[in-house]
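Visitor: Have a look at the structure that comes next, please.
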Amino acid sequence: MWWDSWSDVGRVAAVGTAAYLSVVVVLRVSGKRTLAKLNAFDLVVTVALGSTLATILLSSDVSWSEGVTALALLAGLQAVVAWVTVHRSGARAVVTARPTLVWRDGRPLDSALAGQRVALDEVRQAVRATGTGDLSQVAAVVLESDGTLSVIPQGKIGNWSALEGVAGASPEDC
């Protein structure tokens, strides 16, 4: 439909402004972690916040107060999960996938790539994005908890301490 009424447009403008200001307040109160993309769970919360804002704006079935309650609930639950994963050992493993080594010393780790459903072309793309053109000069590529690929060149690998906790990169392997 191209047009309903001026009142619908006015509702979107009024509720949209109030919802936008509410999102700003919720995000400032809840802190930086609310929009961090440190793992897949964080990404889901970020998308859910955006979806909730869109619903507040466009659905006349959802009141501003219901929408703001939903925004605050999502931010609050994110804060609780973040606190629990920081302060309770083992809780992080429930919410967050462990990073996985998929490339080591210039060679792909085929079983890790297959297990994580990562194509070799995706690893090459990540390596190219770092400005590296020679795969033999790559010490490690890690599929991180948030789904990104981290590339460490041979000249910067050092003692491999940054790979502590990464699946497939145990100290005896390094």
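No lab work stands behind these numbers, since they all come straight from the coordinates. Quick caveat: nothing in here was measured; it's all calculated off a predicted structure. All Cβ positions, glycine included, derive from the backbone under ideal geometry; neighbour counts span all protein chains shown.
Visitor: For the chain, report the convex hull volume of the alpha-carbon atoms normalised per residue, in Å³, without decimals. Intermediate values should be presented prior to the final figure.
Guide: Numbers: hull volume 30.7 nm³, N = 174.
Dividing the Cα hull volume of the chain by its residues yields 176 Å³.
Visitor: Specify the angular offset, from 0 to 90 degrees and rounded to the nearest 10, of the alpha carbon long axis of helix 64-87 from the longest principal axis of the alpha carbons in the chain.
Guide: Relative to the chain, helix 64-87 is tipped by roughly 30 degrees.
Visitor: Projected onto the charge dipole of segment 6-93 (+1 at Lys/Arg Cβ, -1 at Asp/Glu Cβ, origin at the Cα centre), which of Ser22, Ala93, Leu53 gives the Cα projection farthest towards the positive end?
Guide: Positive-end residue among those listed: Ala93.
Visitor: Can you tell me the 0 to 90 degree angle between the C-alpha axis of helix 40-58 and the longest principal axis of the chain, rounded to 10?
Guide: The angle comes out near 20 degrees.
Visitor: Testing the spin-label approximation: label points 7 Å from Cα along Cα→Cβ at Leu58 and Ser7. State their distance in nm.
Guide: 2.2 nm
Visitor: Next question, about the same structure. Hey, could you get me the Stokes-Einstein D for segment 50-108, Kirkwood radius over alpha-carbon pairs, 37 °C and 0.692 mPa s, rounded to whole µm² s⁻¹?
Guide: Here the translational diffusion coefficient equals 225 µm²/s.
Visitor: Compute the helix-to-body angle for 120-129: its Cα long axis versus the longest principal axis of the chain, expressed 0 to 90° and rounded to tens.
Guide: 80 degrees
Visitor: If I model a spin label as a point 7 Å beyond the Cα along the Cα-Cβ vector, how far apart are those points for Asp121 and Val29 in nm?
Guide: Label-label distance for Asp121 and Val29, simple model: 4.7 nm.
Visitor: Each residue of segment 88-96 in turn: what ³J(HN,Hα) in whole Hz from Karplus with 6.51, -1.76, 1.60 and θ = phi - 60°, glycine and Pro shown as x?
Guide: Those phi angles translate into 10, 5, x, 5, 4, 5, 6, 9, 10 Hz.
Visitor: With +1 on the Cβ of every Lys and Arg and -1 on the Cβ of every Asp and Glu, and nothing else charged, how large is the dipole of segment 111-174 about its Cα centre, in debye rounded to the nearest 20?
Guide: Once rounded to the nearest 20, the dipole reads 200 debye.
Visitor: Add -39500 (n - 2.57) for each DSSP H run of 4 or more in the chain, then divide by its residues: what number comes out at 222 nm, to the nearest 500 deg cm²/dmol? Intermediate values should be presented prior to the final figure.
Guide: On the way: 6 runs with 90 residues, N = 174.
Estimated from H runs of four or more residues: -17000 deg cm²/dmol.
Visitor: Could you tell me what percent of the DSSP beta bridges with both partners in the chain are antiparallel, to the nearest 5?
Guide: Details: 11 of 12 bridges.
Roughly 90 percent of the DSSP beta bridges within the chain come out antiparallel.
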